[in-house]
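What follows is a set of notes on a single structure, which appears directly below.
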Amino acid sequence: MLVEDDQEVGRLIAMTLKANQYQFEWAKTGQEALDNQQLFQPAVILLDLGLPDFDGVEVIEKIRQEQLTPIIVISARSDETDKITALDKGADDYLIKPFSINEMLARVRVALRRKAYLENTHDEQRVYRNGSLKIDFFSRTAYLAKRQLNLTETTYNLLCLFADNTAKVLTHGFLMRTLWPDKPLNDTTSLRVAIAALRKELEPEQQSPKFIKTHIGVGYSFIQN
């Protein structure tokens, strides 16, 4: 579903989606987006934040009360605070206008792959694979190629959190609330230490990371290989 009130921008995105054989509904207000979400159950939502009736962040909050549909924000708001707020409220990705149409399509494909993965996993029986990385959730072990990773409880939990949110930007606040709920959100020392330890196991060449991408001032994402 496309949620965009700007006719010119909306037409460009709509033409691109049609040219790439995507079926979609186009909502021009927040309320129309919420109605379409219930009626059509879209696979992915492309969401502008500056809607005429209410803010797109409110749309994210309302959808997240009931659905885990991937939400890619497409907004002219480039301030870091806006990006963090949208991601913390449940957006999966954030594209700043103007953006490359090819990049938008790539983000849509990643969101669809992640959705398909989550829909086809089965609790403790599932095995996660991403390039040379394998996580066996039943035995709580992880391997890079054939080498078993030496992970603490914290770094294993961090790795699983990344795996369940592959390609999604996870903010510092989200990671802190999930892994260290008793610590202040601005006390990110534990997070930095855990990220460094996990990178040491995952990234033989840390100058060219293949798994953990840093989003400066925002958080981290796990790269789909």
Note on region 171-217: residues of a type in the set (Lys, Arg), in contact with a Ser or Thr (Cβ under 8 Å, 6 or more places away or on another chain) and part of a loop (DSSP other than H, G, I, E, B) are Lys183
Would region 128-147 turn up any residue that is in a helix (DSSP H, G or I) and without any contact (Cβ under 8 Å) to a residue 60 or more places away in the chain? no
Test each condition in (1) more than 22 Å from the chain's Cα centre (by Cα); (2) assigned to a loop (DSSP other than H, G, I, E, B) for Glu8 and report the one that comes out false. (2)
Selection from region 13-64 of residues exposed (fewer than 13 other Cβ atoms within 10 Å of the Cβ) and within 18 Å of Glu103 (Cα to Cα) yields Met15, Lys18, Ala19, Asn20, Gln21
With respect to Leu198, determine if the residue is buried (at least 19 other Cβ atoms within 10 Å of the Cβ) and more than 27 Å from Ala86 (Cβ to Cβ). no
Has region 153-170 got any residue that is part of a strand (DSSP E or B), touching a residue at least 24 places away in the same chain (Cβ under 8 Å) and touching a helix residue (DSSP H, G or I) at 6+ places or on another chain (Cβ under 9 Å)? yes
Test for Val59: is it modelled with pLDDT of 95 or more and in a helix (DSSP H, G or I): yes
Could you give every pair whose Cβ atoms fall below 7 Å, whose first residue belongs to region 26-43 and is closer than 13 Å to Gln67 by Cα and in contact (Cβ under 8 Å) with a residue 40 or more places away in the chain, and whose second residue is β-branched (Val, Ile, Thr) and outside any helix (DSSP H, G or I), counting only separations of at least 6 or pairs across chains? Pro42/Thr69
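The values are calculated or read from the model by the stated rules, or taken from the named source; none is laboratory data. Owing to the predicted nature of the structure, the values given are computational and were not obtained by experimental measurement. Here Cβ is always computed from backbone atoms with ideal geometry, including for glycine, and neighbour counts include all displayed protein chains.
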